[in-house]
Amino acid sequence: MNGIITDILSFSLNDGPGIRTAVFLKGCPLRCPWCHNPETLSGTPQAMWFAARCVHCGACARACPKGLRAEDGSWRTDGAACVGCGACVRACPAGASVMKGRRVTPEAAAARIERDRPFFRGRGGATFTGGEPLLQAAFVKETALLLRRRGIPSAVETSLFAPADAVDSLLDAVDLWLCDWKETDPEKHRLLTGEDNAPVRERLRRLDAAGARIVLRCPLIPGVNDSPEHLAGIAALADSMKGIEAVDLLPYHNIGNDKRKKLGLPPDGFTPPEQGEKEGWAAALRGLCRKPVRLG
Amino acid sequence: MRYFAWDDAHLGNALEPEFAFTETYRAHAGDGIAAREAACLAVCLPASALPPEPGDWFVGRRKYRPLGVSPSYWNDETDGLDHVSYYADLDRLARVMDRPDQTPENRAAIAGLIDFWKDENVNAKVRARFDPELAKQMPSDRWTRDSGVIFGLYRLAGAQLDYDKLVLQGLPGLRRELERLLAAGDCDEKQQDFLTAELSLISTLTGLLASYEAQLRALAEGAGEADRERWLSMASCAARLQREKPACFQDAVQLVWLYSAFSGTLDFGRMDEYLGDWYVHDTDAGLLTHERAMELLLSFYRLMRQIHNRDTRLILGGLGRRNPENADRFALIAMEASAKHGEMQPQVSLRMYKGMDPAVRRAGLDFLQLGMSYPLLYNDEASVAAVMKGMRVSREEAEQYAFFGCGEYVLNRMSMGTPNDIINLAKALEVTLHGGRDPVDGKEHGLDLGAPEDFDTFEKLLAAYKKQVEYFTELAARHQRLVYDTVRDSGAMLMMSLLLKDCVARGRAAIDGGIRYLAGTYETYGNITAADSLTAIRSLVYEQKLLSLRELREILDRDFEGAEEWRAKLLACPKFGNDDPAADGMAGEIDRHIFEFTAAQAEKQGLSSYLVVMINNDANVVLGRKTLATADGRRAYTYLSNGNGPMAGMDRSGLTSLIRSMASTDMSLTAGTAQNLKLSRDLFVRHRDELNDLIDAAWDLGILSLNVSVMNPGDMEDAMAHPEKYPNLFVRVGGFSARFTELDPGTQQDVLHRTMY
């Protein structure tokens, strides 16, 4: 059972407690327009172009079967049309064209994560994120169990937009669930992500009933989902479930736009909030919610 | 450096002290070596003394005159080189001689001085003893100007003196010990010479105090009330120290500063241990307020900054202190004062160990968070083990490890070992590829081990590189011995010898059998540049066979001109700093080789140990300016890697991978390694638990020390555009810290390109 991942990154400080090593799994059922990790949306490998490394030799342009690259190597047309054949990556002498997406076995992933063991120190561990890790639940389960046998805890960062049995299958392998709650209003949720949030609510109940440790993770995008109603919805949800230990507010950050550029995609068009605005959200939520509220 | 030596404006045309010094030196030519040095010190120490300045709490301002005797003299307004023992700043003397308003008599007399000292200064005497091989391979000492693989440094100042003994006994106590030994009557001629000379030195120091006391009383007469109180307090202190041992914290600091200023050693050892009891006693007895203690420490630090302006290590914390609780209390105020002081000297360093007081650790990280690069962090568990192995001493002695200047390990109060030579390992590879010729200046250099075609396997190339490095390492060890021997035959280094174990007990000068451990060290530069280059050569030339070694050499010789694709391929090869077994393995292989080969020189040269220090100041930039493009993809004449760190920016796999790479080679056969980290302030402010985990993990992995620069993302880029906005952006370059905006552009580029985490 191999996983398809974009990367395994060390020293992640915002995806669970302690120092964590994050496994970015490819593929996501949702299409949130503010996505920070657009390279993980597609479930198949894709080429990214790192302008700073490019020597503009044009090798990739000559190699691309779809004619997607300009003669100087930069993106010319819609990067979404990239089929991930890897011809440009093999042709590039400079490491400027990079394939995002590779297959990895649970054993290899666990071995890589274990290199970071000295840094976990009883607090940190692995975090499976993405993309949507529950789309590759079997891989996550196997890797997490390997890690657990070696004393390394695992967290999963998920939209919970996945079949109930995928959630159930991980209950015994995952120590902490970092669960997205993107928008309380079901209609608005559908508008933003393309899907209803009712299944997400149901999976949360399921996790809670099973005694899972949960942190609610709420991306907030100015003018999109920062309404008082949504904040009230977050508070109500958090207070309604015993298993939810805390709420993390994740204010929009435009880091995804740099990756969108490297993928040949247009910018997402959102503006990051000011510090005062972020603190206002946190203060408002703290006034409504009994659980700890943290500003990411 | 502005403050280190007298500038032209402070030197009169007649140079009376220089003539008096030279007269004394000549008059005592027939005396014992120690006696002559004592006589010379009696002339040159008072001549270099300066009066206190407003706001000072301690006397002992001093500037080196162009002639003198000191373990170290250095003046970057003239040749910028280190001089040792009897030194002569010939450029400075010539400048006074050539002044337009100089009299013909003075001019002729100064010409005579220059003529005498050009061969009589100890640096020149060392060179005069060079055998033909040393002369050929080390034609120049001007490492900042000339091209070469190896250069001599002529430094002996690095030793951590026994300030504890100084403040516990005072000058009278030291005098009594010498008198007792002399009175015992079983001294041979050499011991007699040495001990008598040390007595004379104590008289010189007492005389200095007397002269300061008179100055202070005169200052008090004309001063307003507030100043008068301070001058009088200092005067009684100067009076007391002539007759008694220190009676209070202020006395103890005064005596340490005076001794440091005139001894020519620049480092302050385990200050928390030797000042801790005084500080705690006076504080708890209600004799010293926090405010006054801060005032005293700030004055002390200001003097370090203004007079030494270099090295000034101040070590806090660690195993092996006799008074850990008192020492820790001093450590807290020492860091508080340094944060307030806001300058690069002293270089506050914190030895960390399992079980240390959490309050001291927390205060250290709070201080580090300010972004002054202090304290520099040391890992006691790994360092003590390394020192036991590298310096071949007991655990008890290894717990006394200290370090100076850039961080070179030495045993507190009982060993010497200032780096005495530097080697550019990237250059060693370069001359190996060029048949024993330096392609930058075209001269023969090193061994001719064959043409590129002769290296038909990678193993042959690697063996040739190692042979080249061994050749230069042997030269460095011989040069180290030659410096020691020449200094031994010239002077007794009386000020250092008086406070280094076991000189007084043995009645012998430090280098003449007095010091317990006469060690040596030598600095390597470009370790990782050389390692990454070899990794890339192995991959492209020998494994993938994409081009020949000769073709690669030609590409490097023309700095990748028309070969950008090749440069890109070289850059894409594995690099140190990414937890990559190929890259880290190569670094480990060549590091281990030079560590072991260097350590093996100790026995041959009669040293207690001879070790590599892998700590770079900005010489990685200076030596890089004379190094062609390298096979790691580095462009010609740009900076080399720094210390045990990746080539700037080549660590792309995250902080844990960088630390694993840095920890991948056993560093215990070194006398110190620099691990530079550039961390975001956010990590300190929002993720303190994780920061603690990170440090503990690095220590568990065996990293000896960490140099941490803390800043906000974008600060450096912005500071290059708007330097006026960033007067307090401090960075650790490697062996020293600096205001970023005051660094030379080459070093700015190095630091800027290091990865920030």
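The values are calculated or read from the model by the stated rules, or taken from the named source; none is laboratory data. Note that the structure is predicted; figures quoted are calculated from it, not measured. Here the Cβ positions follow ideal geometry from the backbone for every residue, glycine too, while neighbour counts run over all protein chains shown.
Could you tell me whether A:I152 is assigned to a loop (DSSP other than H, G, I, E, B), within 14 Å of chain B (Cβ to nearest Cβ) and of a type in the set (V, I, T)? Working first, answer last.
Numbers: assigned to a loop (DSSP other than H, G, I, E, B): yes; within 14 Å of chain B (Cβ to nearest Cβ): yes; of a type in the set (V, I, T): yes.
Taking the combined requirement at face value, the residue satisfies it.
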| remark: Only one of B:G158, B:G152, B:G170 is touching an Asp or Glu at 6+ places or on another chain (Cβ under 9 Å), under 24 Å from B:F268 (Cβ atoms) and at pLDDT below 95, namely B:G158
| request: For residues that are touching a strand residue (DSSP E or B) at 6+ places or on another chain (Cβ under 8 Å), within 11 Å of another protein chain (Cβ to nearest Cβ) and farther than 24 Å from A:G296 by Cα, tally how many sit in region B:643-657. | output: 1
| message | Suppose we filter B:F560, B:F576 for residues that are at pLDDT 95 or above, in contact with a Lys or Arg (Cβ under 6 Å, 6 or more places away or on another chain), assigned by TED's automatic domain parsing to the domain that holds B:G450 and farther than 30 Å from B:Y163 by Cβ; which single one remains? | response | B:F560
| said: Given (1) assigned to a loop (DSSP other than H, G, I, E, B); (2) over 20 Å from B:A599 (Cβ atoms), identify the lone condition not met by B:R392. | reply: (2)
| So which residues in region B:561-589 are buried (at least 19 other Cβ atoms within 10 Å of the Cβ) and over 23 Å from A:R115 (Cβ atoms), if there are any at all? | B:A563, B:W566, B:R567, B:A568, B:K569, B:L570, B:L571
| message | Can you tell me which of (1) at pLDDT 95 or above; (2) in contact with a His (Cβ under 7 Å, 6 or more places away or on another chain); (3) of a type outside the set (D, E) is the one A:G256 doesn't meet? | response | (1)
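Given the condition free of Cβ contacts under 8 Å to residues at least 60 places away in the same chain, aliphatic (A, V, I, L, M) and surrounded by fewer than 21 Cβ atoms within 10 Å (Cβ to Cβ), answer yes or no: does some residue in region A:200-208 qualify? Show your work before the answer.
We begin by selecting, within region A:200-208, every residue free of Cβ contacts under 8 Å to residues at least 60 places away in the same chain; these are A:200-208.
Next, from what is left, pick out any that are aliphatic (A, V, I, L, M): A:200, A:204, A:207.
The next check asks that each one be surrounded by fewer than 21 Cβ atoms within 10 Å (Cβ to Cβ); those that pass are none.
No, the conditions are met nowhere in region A:200-208.
Residues checked against (1) in the same structural domain as B:A382 (by TED's automatic domain parsing); (2) buried (at least 20 other Cβ atoms within 10 Å of the Cβ):
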| residue | (1), (2) |
| --- | --- |
| B:Q242 | no, no |
| B:A252 | no, yes |
| B:L255 | no, yes |
| B:L275 | yes, yes |
| B:D284 | yes, no |
| B:R292 | yes, no |
| B:E295 | yes, no |
| B:R302 | yes, no |
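Of all the helices (runs of 4 or more DSSP H) wholly in region A:206-296, which have at least 1 residues that are under 25 Å from A:T40 (Cα atoms)?
A:255-262
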| said: Regarding region A:175-194, can at least one residue be identified that is in the same structural domain as A:N225 (by TED's automatic domain parsing), assigned to a loop (DSSP other than H, G, I, E, B) and in contact (Cβ under 8 Å) with a residue 60 or more places away in the chain? | reply: yes
| message | Given the criteria of a type outside the set (K, R) and either touching a strand residue (DSSP E or B) at 6+ places or on another chain (Cβ under 9 Å) or modelled with pLDDT under 95 (or both), does B:F194 qualify? | response | no
| On the given criteria, is B:G60 farther than 25 Å from B:Y154 by Cα and in contact with a Ser or Thr (Cβ under 9 Å, 6 or more places away or on another chain)? | yes
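Those residues that are of a type in the set (K, R) and assigned to a helix (DSSP H, G or I), I need them from region B:265-284; list them, please. Walk me through how you get there before you give the answer.
So in region B:265-284, the residues of a type in the set (K, R) come out as B:270.
None; the set is empty.
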| task | Scan region B:584-627 for residues that are of a type outside the set (S, T, N, Q), touching a residue at least 12 places away in the same chain (Cβ under 8 Å), more than 19 Å from B:T418 (Cβ to Cβ) and outside any helix (DSSP H, G or I) and report the count. | result | 2
| Every residue from region B:580-630 that is of a type in the set (D, E) and closer than 29 Å to B:F740 by Cα | B:D618
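Filter region B:682-707 for residues that are among the acidic types (D, E) and under 27 Å from A:L295 (Cα atoms); which is farthest from the other protein chains (Cβ to nearest Cβ)? Quick ask: steps written out before the conclusion?
So the first thing to find is which residues in region B:682-707 are among the acidic types (D, E), and the list is B:682, B:689-690, B:693, B:696, B:700.
With under 27 Å from A:L295 (Cα atoms) added as a condition, the list becomes B:682, B:689-690, B:693, B:696.
On the way: B:D682: 9, B:D689: 7, B:E690: 5, B:D693: 5, B:D696: 6 Å.
Checked region B:682-707; the qualifying residue farthest from the other protein chains (Cβ to nearest Cβ) is B:D682.
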| field | Inter-residue pairs, beta-carbon under 7 Å, first assigned by TED's automatic domain parsing to the domain that holds A:D226 and in region A:259-283, second acidic (D, E), 6+ apart | value | A:K259/A:E39; A:R260/A:D268; A:L263/A:E39; A:G264/A:D78; A:W281/A:D226
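Taking the stated definitions as given, is B:M662 buried (at least 23 other Cβ atoms within 10 Å of the Cβ), within 14 Å of another protein chain (Cβ to nearest Cβ) and either closer than 24 Å to B:F576 by Cβ or not β-branched (V, I, T) (or both)? Walk me through how you get there before you give the answer.
Details: buried (at least 23 other Cβ atoms within 10 Å of the Cβ): yes; within 14 Å of another protein chain (Cβ to nearest Cβ): yes; either closer than 24 Å to B:F576 by Cβ or not β-branched (V, I, T) (or both): yes.
So B:M662 fits the description; yes.
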| field | Where a residue in region A:232-245 is farther than 11 Å from A:D208 by Cα and its partner, wherever it lies, is polar (S, T, N, Q) and not in a helix (DSSP H, G or I), with Cβ under 7 Å and at least six apart | value | A:G233/A:T184; A:I234/A:T184
| How many residues are surrounded by fewer than 21 Cβ atoms within 10 Å (Cβ to Cβ), among the polar types (S, T, N, Q) and within 22 Å of A:V167 (Cβ to Cβ) if we restrict to region A:99-155? | 0
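Can you confirm whether B:T529 is polar (S, T, N, Q), assigned to a helix (DSSP H, G or I), buried (at least 20 other Cβ atoms within 10 Å of the Cβ) and modelled with pLDDT of 95 or more? If you could, list the steps in order and put the result at the bottom.
Details: polar (S, T, N, Q): yes; assigned to a helix (DSSP H, G or I): yes; buried (at least 20 other Cβ atoms within 10 Å of the Cβ): yes; modelled with pLDDT of 95 or more: yes.
The answer is yes for B:T529.
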| Residues satisfying the stated conditions in region A:1-29, i.e. more than 14 Å from every other protein chain (Cβ to nearest Cβ), more than 15 Å from A:K100 (Cα to Cα) and in contact with a Lys or Arg (Cβ under 9 Å, 6 or more places away or on another chain) | A:M1, A:N2
| request: Please verify whether region B:611-632 includes one or more residues that are out of contact with any Asp or Glu (no Cβ under 7 Å at 6 or more places or on another chain), within 14 Å of chain A (Cβ to nearest Cβ) and not polar (S, T, N, Q). | output: no
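Residue-by-condition table, conditions (1) under 25 Å from the mean Cα position of the chain (by Cα); (2) within 14 Å of chain A (Cβ to nearest Cβ); (3) buried (at least 22 other Cβ atoms within 10 Å of the Cβ):
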position: B:N676; (1), (2), (3): yes, no, yes
position: B:S709; (1), (2), (3): yes, no, yes
position: B:M716; (1), (2), (3): no, no, yes
position: B:A721; (1), (2), (3): no, no, no
